[in-house]
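First the structure, in the form of structure tokens, and then the observations on it.
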Amino acid sequence: DTNATPRTRSSMLIYFLAIAMMHVDADEGGHVQPARRGLFVSTPPAFEPMSPLVAALAATCVYREGTDIAKYGQHDKMLDRRDAVYEACTNVAEAGWSRRDHYVANLSFEYTSFDFTPAGWPMKEVDRDNVDLYTKDGECLLVFQGSDLYGEFKLLESKDFFLFKEFEVNATTKKYGAEVSEYNTHELESLFEVMEARHGSLASTFEDCSYITVTGHSLGADLAVLFSYIANKKGDPRDIGKLVSYTYGFAPTRSFSPELKNEQTVDGCFPGYLYYTAVSLPELSGEVVDHNLVNMANEILPYTVGYLPTSYAYRQLVIGKGAGTTTQCGYLPASFDVVLRNPALMNASERKWLHEPPKLHDYFTYVDLLA
């Protein structure tokens, strides 16, 4: 999420040049795959999937309101990153999407006895949870921000993370008819409260949306997956009033239960893809993947619910190569299990996550590879 090498304005402009060529999803042979739309029991969506590049750009743009960019973006080390994030916002607008609403839930917490806080950064902080809602020809794009707070990451790494006083981060709860992460649920419900306060209800928030596409990066991907499950659950437990047609998640964590199926499709799968980055290292035999997907929930966030979403197809983005393998819905990539069983690959995955190049987890890495 943070601490990654920024991209320049000029390189971000290159991303938009690829948008016109990426209006539909395709398999490795370049064949359009509209068949997933036919899985809907209700009326199938009348449009092709949006470009995953646009989804990644939108998932990058939403970080502009996070604490690192909005509050500390004026620091020298953040200037290039801030400008590149805003360039991503421009790219989304140039693709025809208009930002209709922005929602933010400010949740305060304190650093404790840690000495990592950079000079001038306070010991008390606000975790800014942000969501953008875009529209285009009656369609809606809902974008969840991932974690970006410097202190939040350090607290995670310390394994002593208590962002909210009400619960520990590894707690789970029975909600929406499934066992879910209490941390993710609290984040999502805090944003629901903001939407309800502004529009009167969640149904009113989305009443003008013919269809909803949901996206996000990291924690934002977690919230996108959880929102999609709730919206498509029979009985509509949160009265959202509209179905999610496609979900594009970039680097979700292992914080889910196998119960989270799409109740609007015959096979329980969600149209769309979950993306992950990978790189082959000369000194190791095997593939290193984004640490979020192989061990984040077990090592840094020890969730009791420790599964990746299984109701999606996964798409690989390989450093230096671009698109890689795509799994069928219900199957996790074989490389995940290889990394989990290989300590050398696991250690490399952690190092290459955000600490060392190619910084597999950085949202700009995902944009680069899709472009």
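The values are calculated or read from the model by the stated rules, or taken from the named source; none is laboratory data. What you see is a predicted model; the values in this text were computed from it and never measured. Positions of Cβ are backbone-derived with ideal geometry, glycine not excepted, and every protein chain shown enters the neighbour counts. When the accessible area is computed, the model is the full protein with side chains, heavy atoms only, and any ligands, DNA or RNA have been set aside. Shrake-Rupley method; radii C 1.70, N 1.55, O 1.52, S 1.80 Å.
Here is the list for region 211-263: trypsin sites (Lys or Arg not before Pro) lying in DSSP coil, each with at most 12 other C-beta atoms within 10 angstrom of its C-beta, are LYS234.
Accessible area per residue for region 173-251, computed on protein heavy atoms with a 1.4 Å probe, is 29 Å². Scanning residues 5 or more positions from THR253 or on other chains, those with amide H under 5 Å from its amide H are ASP222, with H placed 1.01 Å from N in the peptide plane.
Pop out the Kirkwood hydrodynamic radius of region 306-371 from its pairwise C-alpha distances, inverse of mean 1/r, in Å to one decimal.
Evaluated over region 306-371, this radius sits at 13.0 Å.
Residues TYR211, TYR176, sorted by accessible area with the largest first, give TYR211, TYR176 [1.4 Å probe; ligands and nucleic acids excluded]. Note on LEU340 and LYS174: the model spin-label points, each 7 Å out from Cα along the C-beta direction, lie 2.6 nm apart.
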